[in-house]
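The values are calculated or read from the model by the stated rules, or taken from the named source; none is laboratory data. Nothing here was measured: the structure is a model prediction, and the numbers come from that model. Quick reminder, even Gly has a Cβ in these numbers, built from the backbone with ideal geometry, and neighbours come from all protein chains shown.
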Amino acid sequence: MLTPVAASPLPVWRRWLVVLGVARPAERARLLAAGVGEALGPGTALGELAARVERVFERARLIVPCRKFGSLTLDLVARDGFAAGRPLGLQPREFALLWRLAETPGAEVRKAKLLREVWGLHHVPETNSLAVHAHRLRAKLARVGLEGALRTTSGGYAFAAPRSDSWFHGPDLDLSEDSFSDGY
């Protein structure tokens, strides 16, 4: 029997995980809802398995492995941040918190949403774990000259990336406000 997935958040590599031999449809649905790449029943034909594994790999290629903000680079594979090439030494939860906030630079992410998406909790516990992790993360960012990059808001936290930086990781594009024409 599988252990409950909701009780402990699965690591990011769960998107590539293909679970075989799960007989009960409800259990397959639970695994898929928890973020597993694919869950298949017993007796899956080899051709179907190959097609589904290929589909999981195709989805995995869409995952952005890095986010860069000025001198700060967040590396999903290394699970750490780097400032001017030097590792920040982030703990797993600190990295997950910063990665989530960097998905929407400048935007407030509510505490309940962070607890759900980073901690895997569906309730707001009566602990200050989020605040402690934010404090430690803020200190590590400040040590490399990025004080103010993690902001506390009225209901959560925000990653304050400089306006000229971009989360985009494709061809070099200037996405700053100054690059857009006002003559539309």
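Scan segment 175-182 and give yes if some residue there is at pLDDT below 95, buried (at least 16 other Cβ atoms within 10 Å of the Cβ), over 25 Å from residue 85 (Cβ atoms) and among the aromatic types (Phe, Trp, Tyr), otherwise no.
No, that holds for no residue.
Quick one: residue 78 ticks every box in (1) outside the structural domain of residue 93 (by TED's automatic domain parsing); (2) modelled with pLDDT of 85 or more; (3) assigned to a loop (DSSP other than H, G, I, E, B) except a single one, so which number is it?
The single condition residue 78 does not satisfy is (1).
Please verify whether segment 114-129 includes one or more residues that are in a helix (DSSP H, G or I) and basic (Lys, Arg).
Looking through segment 114-129, at least one residue is in a helix (DSSP H, G or I) and basic (Lys, Arg).
Considering 151, 116, which residue is of a type in the set (D, E, K, R) and under 26 Å from residue 82 (Cβ atoms)?
Step by step, each of 151, 116 is checked, and only 151 is of a type in the set (D, E, K, R) and under 26 Å from residue 82 (Cβ atoms).
Test of understanding: among 121, 146, which residue is surrounded by 13 or more Cβ atoms within 10 Å (Cβ to Cβ), under 16 Å from the mean Cα position of the chain (by Cα) and more than 15 Å from residue 99 (Cα to Cα)?
Answer to the selection: 121.
Restricting to segment 51-75, and then to whatever is hydrophobic (A, V, I, L, M, F, W, C) and at pLDDT 90 or above, can you tell me which residue is surrounded by the fewest Cβ atoms within 10 Å (Cβ to Cβ)?
51
Can you tell me which residue is surrounded by the fewest Cβ atoms within 10 Å (Cβ to Cβ) among those in segment 1-30 that are of a type in the set (Lys, Arg) and modelled with pLDDT of 90 or more?
Filtering segment 1-30 for residues that are of a type in the set (Lys, Arg) and modelled with pLDDT of 90 or more, the one surrounded by the fewest Cβ atoms within 10 Å (Cβ to Cβ) comes out as 24.
For segment 91-113, how many residues meet the condition of being under 13 Å from the mean Cα position of the chain (by Cα) and assigned to a helix (DSSP H, G or I)?
Count: 12.
Just to be sure, is residue 36 touching a residue at least 12 places away in the same chain (Cβ under 8 Å), surrounded by fewer than 16 Cβ atoms within 10 Å (Cβ to Cβ) and among the aliphatic types (A, V, I, L, M)?
Considered against the rule, which asks whether it is touching a residue at least 12 places away in the same chain (Cβ under 8 Å), surrounded by fewer than 16 Cβ atoms within 10 Å (Cβ to Cβ) and among the aliphatic types (A, V, I, L, M), residue 36 comes out as no.
Among residues belonging to segment 77-94 that are under 12 Å from residue 66 (Cα atoms) and among the hydrophobic types (A, V, I, L, M, F, W, C), point out the one that is surrounded by the most Cβ atoms within 10 Å (Cβ to Cβ).
82
Out of all the residues in segment 80-110, which are touching a helix residue (DSSP H, G or I) at 6+ places or on another chain (Cβ under 7 Å), over 14 Å from residue 159 (Cβ atoms) and free of Cβ contacts under 8 Å to residues at least 24 places away in the same chain?
80
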